[in-house]
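A.B. asks: One structure is given below, represented as structure tokens, and several questions about it will come after.
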């Protein structure tokens with residue numbers, strides 16, 4: 001089964017750090033040269049949560065458990081950013 005990988009990025013042009021979500025096939029691991037996330041989780045300037053999906057070379061299929069993991073991590077990330085009180 002494919003494995004989700006979450007990577008936190010800080011970008012001066014973004015309101016807050018954001019998370020890139022990768023999906024690795026069995027035995028595959030993160031390789032910066034192959035950076036190809038299929039989704040981004042971000043908190044916008046107005047503190048709303050935005051989930052952006054990206055077009056990738058192949059279709060991404062997720063299990064219900066993987067969607068639930070994305071939802072859990074997204075919620076935790078959103079709460080953490082809002083609790084930090086940092087303004088953009």
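The values are calculated or read from the model by the stated rules, or taken from the named source; none is laboratory data. Everything numeric in this text was worked out from a predicted model, so none of it was measured. Cβ coordinates were reconstructed from backbone atoms using ideal geometry, including for glycine residues, and neighbour counts include every protein chain displayed.
A.B. asks: Can we say residue 21 is touching a strand residue (DSSP E or B) at 6+ places or on another chain (Cβ under 9 Å), in a strand (DSSP E or B) and surrounded by 11 or more Cβ atoms within 10 Å (Cβ to Cβ)?
C.D. replies: Values: touching a strand residue (DSSP E or B) at 6+ places or on another chain (Cβ under 9 Å): yes; in a strand (DSSP E or B): yes; surrounded by 11 or more Cβ atoms within 10 Å (Cβ to Cβ): yes.
It is true that residue 21 is touching a strand residue (DSSP E or B) at 6+ places or on another chain (Cβ under 9 Å), in a strand (DSSP E or B) and surrounded by 11 or more Cβ atoms within 10 Å (Cβ to Cβ).
A.B. asks: Could you check the stretch 35-46 and list, in sequence order, the residues that are surrounded by 13 or more Cβ atoms within 10 Å (Cβ to Cβ) and over 24 Å from residue 25 (Cα atoms)?
C.D. replies: Matches in the stretch 35-46: 42, 43, 44.
A.B. asks: Within the stretch 62-88, how many residues are surrounded by fewer than 10 Cβ atoms within 10 Å (Cβ to Cβ), part of a loop (DSSP other than H, G, I, E, B) and at pLDDT 90 or above?
C.D. replies: Of the residues in that region, 0 qualify.
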